[in-house]
Amino acid sequence: MKKLSFKIWMLLLVFITTTIVFLVIFTNFLYEELYVQHTEMSMKEVAENLQRTYDGGVVTNDFIKQTEDYNRFSDVEVFTVRNPRELSACLPFDIDYDTLIGAEERAELLDGNAITKRGYEKRFDRDVASVIYPLVDENRLEGIIYVYVPLTKITEMASSDVLFLLAIVSLLLICLAYISLKSLQRVLKPLAVLNEAALDMAAGKYDTRVAVESQDEVGELGKSFNHMAMSIQQEDDKKRDFLSIVSHELRTPISYIKGYGEAFEQNLIPEEKKAEIYTLITREANRMQKLTNDLLTVARSESLVEVETSPLVLAEIIREAVQLVKPMANEKEITFANSIDEETILCADEQKTKQILINVLENAIRYSPNNSVITISNKATKKETTIQIADEGCGIETEHLVHITERFYRVNKARSRSDGGTGLGLSIAAQLVEVQNGKLAFESEVGKGTNVYITLPIWEDTFS
């Protein structure tokens, strides 16, 4: 968590620093470009106004004095040079005419064009922004009006403002860094708690939960973790119950077989009881075999991701399943009423579909009274068909109905053990239906019987 908070914090600092650098550059642009340009425009306006007062001829002393007087009312420096030789007399330092304008610039001025300059002037020993306007009479350069502003003043003004801005922004940066650090610690604290909870879960503490104190994404993550932890705890409880029930289911037949085997070994079984005990041992061995086969089927069905489907004639596979369970039905003189549509073709796996039907039919036989009827029918739509298997058994109460596909769940535990049920048949059927994109549903009324609805997809060409 510290690494993540540090990364986010550094990202915020980089963002803020980048913003500050941009502000500095932008401020410099405003001062150095826009302000200087505005100053140059002002200087041009001053020079043009003074140039308009020139009437031609020799530049008079009055004109020069007028220019000098203008300095008192302006932020710019203005002077007029009448004669190149007199330039040094007009300035407080030694400078001549040729240091301000060169040969090319003189030509421009003779043509009546103004000159704008910006940069370092050696004679002024500073950076200046200047404009030069000519005083021309009859193609003769009588003098120039020189207007300038030392750029150092603007730079100093910009520097002082930038320093003030940097001081304010630096203070703001420190405040934002502190606030962001505290905010990150508060936001990431629940993640640290989640990390500790995840480590506890990995250590087998499935009752671990986290407190959800917010309604944001982190709060949703906490809720998801709690939901996951509850699901894992439930699965762990189911696994423990599963192992407990399996061991219990195996213990009884093993006890019978072991006990009677030892009795046979010690010649303790009377001759007239041997046939009965042989039958009992065979029955218990068959129970163990069925239980192990069912457990293997459960394990295989849980690992299934894809199944190989093919077109199956529903009526044919129903007849095969009925034929396989008939010996079990004949013991109770149970008959089947089959009204399956002969035209319905399933898109399913043959062996898995047959296993579903056998498991459901065996369950119906097991809980149906003697001399009853089990009805098998179906209804088809364009995409699927629903197979209905209805018995006339004792029925299942509503509170038990939602649990009957759970492993080893028994409505009547004593009866299930006595008739050889393992409690896995409907669980296996539900898993095999699910992997084939189908649905398994139940309806039951106590004393009247149970209806099982198996919905499976049909072959696409059936209704084309």
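The values are calculated or read from the model by the stated rules, or taken from the named source; none is laboratory data. All values reported here derive from a predicted model rather than from experimental measurement. All Cβ positions, glycine included, derive from the backbone under ideal geometry; neighbour counts span all protein chains shown. Ligands, DNA and RNA are excluded from the accessible area calculation, which covers all protein heavy atoms including side chains. Shrake-Rupley method; radii C 1.70, N 1.55, O 1.52, S 1.80 Å.
Data table
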quantity	calculated
Radius 10 Å from Cβ of residue 144, net charge of other residues (Lys, Arg +1; Asp, Glu -1)	0
Label point 7 Å beyond Cα of residue 282 along Cβ direction - residues of region 329-358 with amide nitrogen under 19 Å	329-332
Sites residue 181 and residue 238, calculated FRET efficiency, Cβ-Cβ separation with R0 51 Å, nearest 0.05	0.65
Extension gain from residue 192 to residue 205, taking 0.36 nm per residue of separation minus the Cα-Cα distance	2.9 nm
Neighbourhood charge, 13 Å Cβ-Cβ cut-off, centred on residue 51 and excluding it, Lys, Arg +1 and Asp, Glu -1	-3
Extended-chain gain in nm, criterion 0.36 nm per residue less alpha-carbon gap, residue 381 and residue 273	33.1 nm
Efficiency of FRET between residue 48 and residue 72 - r from beta-carbon atoms, R0 25 angstrom, step 0.05	0.80
Cα→Cβ-extended label distance, 7 Å offset, between residue 213 and residue 333, nm	7.4 nm
Computed lengthening from residue 38 to residue 228, 0.36 nm per intervening residue step minus Cα-Cα distance	61.6 nm
Percent accessible area from carbon and sulfur atoms, region 159-284, protein chains only, probe 1.4 Å	60 percent
Inter-label distance, nm, simple model (7 Å from Cα along the C-beta direction), residue 221/residue 15	1.7 nm
Neighbour net charge for residue 396 - beta-carbon separation under 10 angstrom, K R +1, D E -1	-4
Two-site label geometry, residue 122 and residue 403: point separation in nm, points 7 Å out along Cα→Cβ	10.6 nm
